[in-house]
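J.: First, the structure itself, so that you have it in front of you.
Where a number appears in this text, it was derived from the coordinates with a stated rule and is not lab data. Worth saying up front: this structure is predicted, and the values here are computed from it rather than measured. No Cβ is skipped: glycine too gets one built from the backbone with ideal geometry, and neighbour counts run over all protein chains shown.
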Amino acid sequence: MTKKICLVTGCAGFIGSHLTQRLIDLGHLVVGVDNFFSGYVHNMKGFLDHPDFKFHEVSITEDGLIESLKEEYPDLDVIFQLAAIVSVPYSVEHPKLTMEVNFEASRKMIESSTKLGISTFVFAGSAAEYGNEERLPVCEEYATDEVERFSPYGVAKYKASSLIEKSDSGCSLRFFNIFGPRQDPTSQYSGVISRFVDFGLDGKNMVIFGDGTQSRDFLYISDVIDSYLIAAGLDPHGRGPLTGVYNVGTGNGISILELANTISTLTDAPFEVVFKPERAGDIKHSRADVSKITATGFSPLVSFEDGLKKTIEWARSCK
């Protein structure tokens, strides 16, 4: 495979750091951008000093970012736009900033990459683009302008995905619930799995908002990275590249109560659940229709339980 120069925004984040590591392992050069709003230097320890990694501490909202990076790296040809405000509650409290970061910055990056002839643009979309969609599994075409979205986060992600789809240039991957090592359980941005794992290893009671019957489509981080490589046409097996919008998940729903039970078993913690009132805006069920991404040859390789075991092993090593 030809060595590519790839830009990864959000390279110090949970997902961005895994993507950066895999790209370097495959022999590509990575230009990483992060301003540490929600990322950490320690996430980059596996590649920070690698000769094929060039780091820039900067916000994606900076004017002329892509132009300046293209000038410095003339062969830059692949952009993975992962940087974002990732907390839904934070987006509700800071709607203007969220639109600036999650949509306007992405829009400028898309326009710049087109103008500069950069061939590949891959955007990190979200299941939040569907709002509280009750038709399951959720198909890509269910996200329309008429859908009521509960947060500026979901609105901004949808607007960016729509821009990519209408321009017929680049790809937006609508991820459902991602989990795995480096997902910080102490952060307000973390998912339910990282928090439950932390509870389990500390021998604490699981805390569930609502009755626990709500369900999610959980996808392990290494499978997420596989989908990014396919989307960009950098997959070692020759799959991709992709254009348009694709759901990325497993197509399976796991209830929060089942999740809590499984993690309690795997961490040898007592299975005691503290139920708290359901949070406003929480979606009851979320499960992806993955037929479109499956048609590209993508298939999750890590089972839900194996992914949990890997995540618990990592979390235990951090204690």
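J.: Under a plain spin-label model, where a point goes 7 Å from the Cα along Cα-to-Cβ, how far apart in nm are Asp202 and Ser317?
T.: Once both label points are built, they end up 2.2 nm from each other.
J.: Lys96 to Asp168: extension gain in nm, 0.36 nm per residue of separation minus the Cα-Cα distance? Present the calculation step by step, with values, prior to reporting the outcome.
T.: Numbers: separation 72, 0.36 × 72 = 25.92 nm, distance 2.73 nm.
Between Lys96 and Asp168, full extension yields 23.2 nm more.
J.: What is the gain in length, in nm to one decimal, between Arg107 and Asp52 on full extension, counting 0.36 nm per residue of separation less the C-alpha to C-alpha distance?
T.: Values: separation 55, 0.36 × 55 = 19.80 nm, distance 2.77 nm.
Full extension of this stretch gives 17.0 nm more.
J.: Tell me, what does the Kirkwood hydrodynamic radius of the stretch 88-128 come to in angstroms if you use every pair of distinct C-alpha atoms? Could you put the intermediate results ahead of the total?
T.: On the way: mean 1/r = 0.0865 Å⁻¹.
Radius from the Kirkwood sum: 11.6 Å.
J.: When Lys and Arg each count +1 and Asp and Glu each count -1, what net charge do the other residues less than 11 Å away from His285, Cβ to Cβ, add up to? List each step's numbers first, then the result.
T.: Numbers: positive: Arg135, Arg216, Lys284, Arg287; negative: Glu133, Glu134, Asp217, Asp282.
Charge balance in the 11 Å sphere: 0.
J.: May I ask you to list the lysines whose Cα is less than 16 Å away from that of Lys319, ignoring any residue fewer than eight positions away on the same chain?
T.: Lys204, Lys309, Lys310
J.: Still on this structure, I have one more. Once the piece of chain linking Tyr73 and Thr213 is laid out straight, how much longer is it, given 0.36 nm per residue of separation minus the C-alpha distance between them?
T.: Additional length available on full extension: 45.4 nm.
J.: So what's the net charge close to Asn132: Lys and Arg +1, Asp and Glu -1, counting the other residues with Cβ under 10 Å from its Cβ?
T.: Details: positive: Arg149, Lys284; negative: Glu133, Glu134, Glu148, Asp282.
Once all neighbours under 10 Å are counted, the net charge is -2.
J.: Which one of Cys318, Phe209, Leu257 has its Cα pushed farthest toward the positive end of the charge dipole of the chain, where Lys and Arg give +1 and Asp and Glu give -1 at the Cβ?
T.: In the chain, that residue is Cys318.
J.: Okay, moving on. Give the relative contact order (percent, whole number) for the stretch 132-274; include only Cα pairs under 8 Å separated by 6+ residues.
T.: Once normalised by length, the contact order is 30 percent.
J.: Pairs Lys54/Lys108; Lys166/Lys284; Lys157/Lys292; Lys54/Lys96: which are spaced more than 25 Å apart, C-alpha to C-alpha?
T.: Values: Lys54/Lys108 22 Å; Lys166/Lys284 30 Å; Lys157/Lys292 19 Å; Lys54/Lys96 31 Å.
Beyond 25 Å: Lys166/Lys284; Lys54/Lys96.
J.: Whole percent per 5 Å bin, from 0 to the bin with the longest distance: what is P(r) over all C-alpha pairs of the stretch 1-158?
T.: 2, 9, 18, 19, 19, 15, 10, 6, 2, 0
J.: Determine which residues of the stretch 24-44 fall in the zone a paramagnetic label at Lys3 would reach in this model, i.e. backbone nitrogen under 18 Å from the point 7 Å along Cα→Cβ.
T.: Answer for this model: 24-32.
J.: Give me the net charge of Asn102's neighbourhood, meaning all other residues with Cβ under 9 Å from the Cβ of Asn102; Lys, Arg count +1, Asp, Glu -1.
T.: 0
J.: For the stretch 27-42, take each phi angle, set θ = phi - 60°, evaluate the Karplus expression 6.51 cos²θ - 1.76 cosθ + 1.60, and give the result in whole Hz per residue in order, putting x for glycine and proline.
T.: x, 8, 9, 10, 9, x, 10, 6, 10, 6, 5, 9, x, 9, 4, 5
J.: Before rounding to the nearest 500, sum -39500 (n - 2.57) across all DSSP H runs of length at least 4 in the chain and divide by the residue total; then give [θ] at 222 nm in deg cm²/dmol.
T.: The helix contribution divided over the chain gives -10000 deg cm²/dmol.
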